[in-house]
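Input: a single structure, listed below in structure tokens.
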Amino acid sequence: MNARLNMFDSPVAVKAWKHIIAAGKVLADASLPAATVELMRIRASQINGCGFCLDMHTKDATAAGETPIRLHLVAAWREATVFTDAERAALELTEQGTRLADGAGGVTDEAWANAAKYFDEDQLAALVSQIALINAFNRANVMIQQPAGGYQPGQYA
């Protein structure tokens, strides 16, 4: 299976995506827990059906020491007892921020207030930016049908 388009061979794509990738590097310096960020990336990628990002972020999370049980339960985080309240708040914000077209009004005041209990303003800004960024990657990879399965942890670090 091959992608419809090789983004690394397109001068236009390379120019555009270097800025998106740079945004990701800025966010890497934010004070969000790395495990929370990976869980968010995984959840958004599940919702968006992005196999490439699921492959990448589950492997990176595993390499960083994330437990298999938590990775297996991300899709059912509401019923799982293995996530902290802060992680739950971040996952709810991720779901609502990813499923904008599914609900009237976007992110609810309740979801925002819950996240604000656990994250300061800079962290909230980083959460919003992380959600927007992973959704951009998901959408591009789904559109070009980027194959999943061959990612090696840290490959794009």
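The values are calculated or read from the model by the stated rules, or taken from the named source; none is laboratory data. All of these numbers come straight from a predicted model, not from anything done at the bench. Every residue, glycine as well, gets a Cβ built from its backbone with ideal geometry; the counts of neighbours run over all protein chains shown. Note: accessible area is taken over every heavy atom of the protein model, side chains too, but ligands, DNA and RNA are not part of it. Shrake-Rupley method; radii C 1.70, N 1.55, O 1.52, S 1.80 Å.
Values as computed for the structure displayed
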| read-out | value |
| --- | --- |
| Positive minus negative residues near ALA61 (Lys, Arg vs Asp, Glu; Cβ under 9 Å) | 0 |
| Derived scalar couplings ³J(HN,Hα) [region 14-24; Karplus, 6.51 cos²θ - 1.76 cosθ + 1.60; whole Hz; x for Gly, Pro] | 4, 5, 5, 6, 4, 6, 5, 5, 4, 4, x |
| Ranked packing of 83-95, 114-126, 21-33, 135-147, most packed first, by mean Cβ within 10 Å | 83-95, 135-147, 114-126, 21-33 |
| Relative packing of peptides 35-47, 53-65 - highest average C-beta neighbours within 10 Å first | 35-47, 53-65 |
| Packing rank of 100-109, 66-75, where each peptide gets the mean count of other beta carbons within 10 Å, highest leading | 66-75, 100-109 |
| Estimated [θ] at 222 nm from DSSP helical runs (n ≥ 4, -39500 (n - 2.57)) normalised by residues in the chain, nearest 500 | -20500 deg cm²/dmol |
| Region 13-30 and region 60-97: distance between their alpha carbon centers, rounded to Å | 24 |
| For region 17-157: accessible area per residue (Å², 1.4 Å) | 52 |
| Positive minus negative residues near ALA28 (Lys, Arg vs Asp, Glu; Cβ under 15 Å) | -2 |
| Projected area, mean over directions - region 76-157, Cα convex hull, nm² | 7.2 |
| Assigned charges on the beta-carbon of Lys, Arg, Asp, Glu; the chain dipole about Cα centre (debye) | 600 |
| Anchor LYS15: lysines whose Cα lies under 17 Å away (excluding residues fewer than 8 positions away in-chain) | LYS25 |
